[in-house]
Amino acid sequence: MPSMVNGFAVLAFFSLLLTSVWQPVWSQTWGSAGPGADPRKGTAMRWLQQGMRLHQGGDVTSAVENYRKALSMDPRNKFAHYYLGLAYEQTGNLKGAHMELKTALNNDYNMIEARNELGIVFKKMDDIEGAQREFMECIKIKPGYPFPYYHLGKILEAKGDLQHAIDSYETACRIKPDYFEAQRDLGLAIFERAKTGQGSTMEEALEKLQTAARLVPDNPMIHYHIAEIYCADGKLDEAESEFRKTLMLEPRHAAAHWELARLRYFRGDLDRPITECNEVLKIQPTYTDSKEYPKVDPVLIKITIAACLEWKGKLIQAVDAWKEVAQMVTRNELAIAKVNQLETILRADAKKKKSKKVKPLTYDPEEIDALVQKGIGQYEDGDLEGAKASFQRAMELNPQSFEATQNLGAVQEAQGDLNSALATYQKAMAINPKFDGAYYNLAYVLEKLNLPGDAGLMYQKFHEVTPTGRYPYDPKHIVALQQDDARRRAQEELVRKRGY
């Protein structure tokens, strides 16, 4: 909430005036407390000071009473009108805030804090033109004041004028380098411009967001945004690290759980997405709304869980999940068709078992699951050798265990043994050749191995088989990889022909 942040920033500033800076400013505004001073103004000063202390402490109702008392003693006190306006704005009384801020400006046209806050109030009242007018007037009165540049940038961005919004954010950051909101929104605006191919780069966007993260390192949303950029730039390891930082700071960040689930799915992982999706379902939408976090569609969560269960071969649980999806949507034909398809497979499997045409299992599926889950826990705790042993044991019991094989590849990759990881991932793909995430994961590792041509072909294969859409790369990335590879091969051929 930038307006509230700005308001409290001003509160913090004026709290300093209560100490060393306050006395000269107060003397200039109300006059000295010596002989001949208006005692009513001295009383107003005390009520205002008390109101500010209460306001800073979060007791807005009592602060309002004190501001009103100050105004009863000194009706032309611009500071009392200003702070009363802030308090009204904070409690949602926008008309009252508008009136008090206007009164403060009637007493001092150039009171920049009041004019900036009036612009914020206009914006909250959906009077965008009025807000823009006030911010422009702020800039005219005091070009070195950073806050109106930021709020003007927000208006310009909402109007679709991305370039001028970026210019405005940059000015705010230049004036106040530690302006967290401006650095954050500058990075996000540059990110938006880079995504739409308007000239900026992901690296520029990332630099600004990382600056914001250094300013407020415990802000979960900034790490979430950084992770988004890493995803868009194809740096999934870095993205996963940032999503996990988000969740360390805010375990109930539903969108981070969801994006981590998606990322893990496209890394060929079927187990962790289910865990992350179940975490999303535990989080109340009202909590997400109260924090103004991105919302997550619960239907997509259930579909992801159903898909992962199906790929894992847990068809009974997958049927139950698809039935829940069918109950959640109006147009449920596809979900019902999926339920019918899986139930047909289950009935066919049951008939085979009755006819004894299916060979009895030589392993306990529950033991395999337990070993896989143990290995995942060890991996998450950083015990890579322990995780490797658990996955290898599961593979000894059941060489066709996709989860064990895929997770073993993940351990080898984490240990830096990319060639072994590639071979293990290929084994996993052979076990579960229809799983789209396996193709994406293999492409990602091929790119790590500096094999862009092969990676491009595998990404292309992923896009051909995936039912879930493109994420995070679009086809342009595939083309770029293949073009880079073609240029490299052409250059090598030219060097071979020339002999130098």
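Among the residues making up region 435-463, those that are touching a residue at least 40 places away in the same chain (Cβ under 8 Å) and either of a type in the set (Phe, Trp, Tyr) or not in a helix (DSSP H, G or I) (or both) are 435, 440, 444. Residues of region 178-187 that are assigned to a loop (DSSP other than H, G, I, E, B) and surrounded by fewer than 23 Cβ atoms within 10 Å (Cβ to Cβ): 178 alone. Within region 298-341, being of a type outside the set (A, V, I, L, M) and not in a helix (DSSP H, G or I) holds for 312, 313, 314, 330, 331, 332.
Okay, residues lined up against (1) in contact with a helix residue (DSSP H, G or I) (Cβ under 7 Å, 6 or more places away or on another chain); (2) more than 29 Å from residue 372 (Cβ to Cβ):
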| site | (1), (2) |
| --- | --- |
| 276 | yes, no |
| 283 | yes, no |
| 293 | yes, yes |
| 296 | yes, no |
| 300 | no, no |
| 341 | no, no |
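Hey, any hits in region 86-103 for a residue that's modelled with pLDDT under 95 and farther than 25 Å from residue 58 by Cα? No; the residues of region 86-103 include none that is modelled with pLDDT under 95 and farther than 25 Å from residue 58 by Cα. Evaluating residue 262 against the criteria (1) modelled with pLDDT under 95; (2) surrounded by fewer than 20 Cβ atoms within 10 Å (Cβ to Cβ) leaves one unmet condition, (2).
Determine which member of the set 404, 421, 428 is touching a residue at least 12 places away in the same chain (Cβ under 8 Å) and over 18 Å from residue 365 (Cα atoms).
421
For region 347-374, filtering for residues that are surrounded by 13 or more Cβ atoms within 10 Å (Cβ to Cβ) and either more than 28 Å from residue 390 (Cβ to Cβ) or of a type in the set (Phe, Trp, Tyr) (or both) leaves 1.
Taken over region 273-283, the criterion of being over 21 Å from residue 219 (Cβ atoms) and surrounded by fewer than 20 Cβ atoms within 10 Å (Cβ to Cβ) is satisfied by 275, 278, 281, 282.
The condition of being in a loop (DSSP other than H, G, I, E, B) and closer than 17 Å to residue 376 by Cβ holds for only one of 270, 263, that being 270.
Taking residue 111 as the residue in question, decide whether it is of a type in the set (A, V, I, L, M) and touching a Gly at 6+ places or on another chain (Cβ under 9 Å).
Working: of a type in the set (A, V, I, L, M): yes; touching a Gly at 6+ places or on another chain (Cβ under 9 Å): no.
Considered against the rule, which asks whether it is of a type in the set (A, V, I, L, M) and touching a Gly at 6+ places or on another chain (Cβ under 9 Å), residue 111 comes out as no.
Which residues, taken from region 352-366, are closer than 25 Å to residue 401 by Cβ and over 37 Å from the mean Cα position of the chain (by Cα)? Steps first, please.
Step one: filter region 352-366 for residues closer than 25 Å to residue 401 by Cβ, giving 352-353, 356-366.
Matches in region 352-366: 352, 353, 356, 357, 358, 359, 360, 361, 362, 363, 364, 365.
On the basis of being in a helix (DSSP H, G or I) and surrounded by fewer than 22 Cβ atoms within 10 Å (Cβ to Cβ), does residue 288 make the cut?
Working: in a helix (DSSP H, G or I): yes; surrounded by fewer than 22 Cβ atoms within 10 Å (Cβ to Cβ): yes.
It is true that residue 288 is in a helix (DSSP H, G or I) and surrounded by fewer than 22 Cβ atoms within 10 Å (Cβ to Cβ).
Taking residues in region 142-170 that are under 18 Å from residue 122 (Cβ atoms), and partners anywhere that are aromatic (Phe, Trp, Tyr) and modelled with pLDDT of 95 or more, the pairs with Cβ atoms closer than 7 Å and at least 6 places apart or on different chains are 148/135; 150/169; 150/179; 151/135; 152/135; 153/169; 168/149.
Residue 82 satisfies every condition listed in (1) in a helix (DSSP H, G or I); (2) within 30 Å of the chain's Cα centre (by Cα) except (2). Residues of region 286-298 that are closer than 24 Å to residue 265 by Cα and over 16 Å from the mean Cα position of the chain (by Cα): 298 alone. Against the test of being within 25 Å of the chain's Cα centre (by Cα), of a type in the set (A, V, I, L, M), in a helix (DSSP H, G or I) and on the phi < 0 side of the Ramachandran plot, the options 118, 105, 152, 101 yield a single qualifying residue, 152.
Determine which member of the set 330, 286, 304 is without any contact (Cβ under 8 Å) to a residue 24 or more places away in the chain and under 30 Å from residue 222 (Cβ atoms).
Values: 330 fails: under 30 Å from residue 222 (Cβ atoms); 304 fails: without any contact (Cβ under 8 Å) to a residue 24 or more places away in the chain.
Criteria check complete, one pass: 286.
Given the options 38, 108, 74, name the one that is modelled with pLDDT of 95 or more and either assigned by TED's automatic domain parsing to the domain that holds residue 152 or aliphatic (A, V, I, L, M) (or both). Just one listed residue meets the conditions, 108. Taking the residues in region 340-383 that are among the small types (Gly, Ala, Ser) and under 25 Å from residue 306 (Cβ atoms) as candidates, determine which candidate is modelled with the lowest pLDDT. Top of the filtered list is 350.
The values are calculated or read from the model by the stated rules, or taken from the named source; none is laboratory data. Computed from a prediction, not measured in an experiment: that's the story for all the values here. Methodologically, a virtual Cβ is constructed for each residue, glycine included, from the backbone with ideal geometry; neighbour enumeration extends over all protein chains shown.
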